Amino acid sequence: MKTPPQPIGLFSNLQHEHGFESIPVTGDIADVNGTLYLNGCGIFEQFGQRYDHIFECDGAITAVRFDNGKVYSASKIIKSEGLLEERKVGRHLGSFAAAWPTRFKRMLFGGRKNTSNTNVMPWQGKLYALNEAGKPVEIDPDTLNTVGETSFQSTIKGSFSAHPHRIESRKSLFNYGLTYGKQTKLTVYQLPDVGDASVLCEIPLAHPVMLHDFIVTENHLIFFIPPAKVRVFRMLLALKPFQKNIAWSPEAGTEIIIVPIDQPKNIKRFHTDSFMVFHFAGAFEQDNRLFVDYVWYPDSALLGALGDGTKVSWNELDSQVHGKLHRGVIDLESLHFESSPLWDGNCEYPQASTKRVAGRYNDIWMQSNEEIHGQLIFRLSKLSSDGQLKHIPMDIGQICLEPVLIEGEQNYIASMVFDSNTQHSQLFIINSDTLEVTAKIQMKQAIPLTFHGCWIDSQ
C-alpha cells in the first residue's frame, strides 16, 4: 500500500478569504436547505514563526450554504482584537509564539489573544465563535465578518467554554466557564431562547484544571473533572508552550459533579478512578441513574500528540487518536460510577441525535480510524442503540473531520474531508439511514483543520 502525501494543506494557513461564492456540487441535495458553519484553525504561522500548538492558531470560519439545489461557500479569518493588534505592529504579542518578555507581561497583566478557533454557537438569531479560554466573539452569519467580543451584558466574568449544550424541552442552552485564581471556580451559565443570559450557579474546584466539555440530560448538568492540573505559576512565567504547563496527576482521580438544573445549589460530587475526556456524545436519565456516552482516554497525552500539526503521519500510529467510546452510569443515590466501552475502536468527535424518544437517542456518529497494512484509514462511523455498528471508509489519504448532524424529515451527516493526494477539501453529505454519500461539494481550496460546527436550517 503506497503511503499518501502528508496532509500539508490541512495544517497550513487559509490561503484565500472570501464571502459566499457559488461552488460545484456532485449528487442530490434537493431537500437540504440551510447553512453549515465550521470553526477551526485559520493561521498556523505568521511573522515567520509557527505556533507551538494547533490550539493557539487564529480561528477561521468556513460556511457552506445550501439554497434550493445550489451551494455557496465562504471562508474568513476571525479578526480578533489581538490579531489586529499583532498585524499592526508586525509581530506576535498574545500567544506563546511571542518573545518571552512580551508573553510574560501579557500572562501577568492580561492581553492574551482570544483566538475563537474551536466552535460556533447560534443564539437568539446571532452567531458566535468560541474558544474555551476566552469570551464569545460575534460573527456576522451572512458575511462572516468579525463583529467583536461580548460578555452578554457583563454576565460572563471569566472564560466561556467552546461546548455549550442545548436542552430542547427547556428551550435553552447551557454552558460553563472557568476562572483561575486563589480559588478556581466553575461558573454555569444558562442562555434561554428568550431573555438574557444568566449565571445558574458557581462551583469551587480543588485545583486549577483543564476542562474541555460537559454534557446535559433533561434535568441535570454533568461534569467529569479530570486531574489535568494547570500549573498556574509556570503558565504565568510563560517559559514553555501551554501543553507543557498541564500536569497529569492520576492520584487525584477524576471528580464527577452533577448539577440539578431546578435546584442548582444542591450539587452532588464525588471522585472515581482517573480518566480524561475531551468530548461527550450525549446523556440521558433512567431509573434514578444517569447514562453518559463519551470518548474515554487513560490520560491527557493527546494534548502533546497533537502538537503544531507538522508531525501528523500516516504511519506513526502511536501519535494518533486512541480514544474509546464509553458509557458511564452514575447512580444518583449511591453516587457510584461505572464505565465500560460501547466499542473498542479508536474514535473522536462523537455526535448523538438531538431527536429523543423518552429522553433517549438512537444513534451516535463519530470520526474513527483503523490501521490497515501499517497505515491509518479514516472513517465515519455510526453506532445504533441496538449495538449495530456501520462504517463509511475514506479513500487512502483522506481525512474526514467531525460529523455534523443535519436533522429534518430526512437526516443527513455533513463532514469536511481533506484529501492529501490533491491537497484540497470536499464536503461530504451522507444519508444517515442508508449511509450513502448523496453529494460531494468541491471546495475551492484546502480548508484548514476545523474542530467543530453547527447546522442552521433556512428560515
- Message: What's the magnitude of the charge dipole for segment 8-457 around its Cα centre, counting Lys and Arg as +1 and Asp and Glu as -1 at the beta-carbon? Answer in Debye, nearest 20.
- Response: 1760
- Task: For segment 340-354, just list the computed ³J(HN,Hα) in residue order, Karplus coefficients 6.51, -1.76 and 1.60, θ = phi - 60°, integers in Hz, with x standing in for Gly and Pro.
- Result: 9, x, 7, 7, 9, x, 7, 7, 7, 6, x, 9, 9, 4, 7
- Query: With each run of n ≥ 4 DSSP H residues scored as -39500 (n - 2.57), what mean residue ellipticity at 222 nm is computed for the chain after dividing by its residue count and rounding to the nearest 500 deg cm²/dmol?
  - Reply: -1500 deg cm²/dmol
- What Kirkwood radius, in Å to one decimal, follows from the Cα pairs of segment 8-457? 22.4
- Query: Between H373, G59, Y37, whose Cα lies farthest towards the positive end of the dipole of the chain when Lys and Arg beta carbons carry +1 and Asp and Glu beta carbons carry -1, centred on the Cα centre?
  - Reply: G59
- Query: Relative contact order for the chain: what is it in percent, counting Cα pairs under 8 Å that are at least 6 residues apart?
  - Reply: 15
- Message: Could you work out the relative contact order of segment 346-459? I mean the mean sequence separation of Cα pairs under 8 Å and 6+ apart, divided by the number of residues, in percent.
- Response: 16
- Query: Which lysines have a Cα less than 22 Å from the Cα of K311, not counting those fewer than 8 places away in the same chain?
  - Reply: K2, K240, K244
- Query: When a footprinting reagent is the concern and you count Cβ atoms within 10 Å, what order do S169, S154 take, fewest first?
  - Reply: S154, S169
- Query: Along segment 47-55, what does the Karplus equation 6.51 cos²θ - 1.76 cosθ + 1.60 (θ = phi - 60°) give for ³J(HN,Hα), rounded to whole Hz, x for Gly and Pro?
  - Reply: 6, x, 9, 8, 5, 5, 9, 4, 5
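What does the net charge come to around L38 if you take all other residues with beta carbon closer than 14 Å to its beta carbon, with K and R at +1 and D and E at -1?
Net charge around L38: +1.
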- Task: Work out from phi, with θ = phi - 60° and the Karplus expression 6.51 cos²θ - 1.76 cosθ + 1.60, the ³J(HN,Hα) of each residue of segment 164-177, listed in order in whole Hz, and give x for Gly and Pro.
- Result: x, 10, 9, 10, 4, 5, 9, 6, 7, 8, 10, 7, 8, x
- State which entries of K171/K265; K135/K171; K157/K265; K268/K390; K113/K382 exceed 27 angstrom in Cα-Cα distance in the structure shown. K268/K390; K113/K382
- Query: Name the trypsin sites (Lys or Arg not before Pro) in segment 326-373 that are in a loop by DSSP and that have at most 16 other C-beta atoms within 10 Å, would you?
  - Reply: K355, R356
- Message: For the chain, give me every cysteine whose Cβ has no other Cys Cβ within less than 4.7 Å, ordered by residue number.
- Response: C201, C347, C400, C454
- Select from segment 322-378 those GluC sites (Glu not before Pro) which occupy a DSSP coil region and have at most 13 other Cβ atoms within 10 Å, ordered by residue number. E333
- Message: Over all directions, the average projected area of the alpha-carbon convex hull for segment 317-420 comes to how many nm²?
- Response: 8.5
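Readers should treat all values here as calculations from the given coordinates under stated rules, not as data from a laboratory. Owing to the predicted nature of the structure, the values given are computational and were not obtained by experimental measurement. Every residue, glycine as well, gets a Cβ built from its backbone with ideal geometry; the counts of neighbours run over all protein chains shown.
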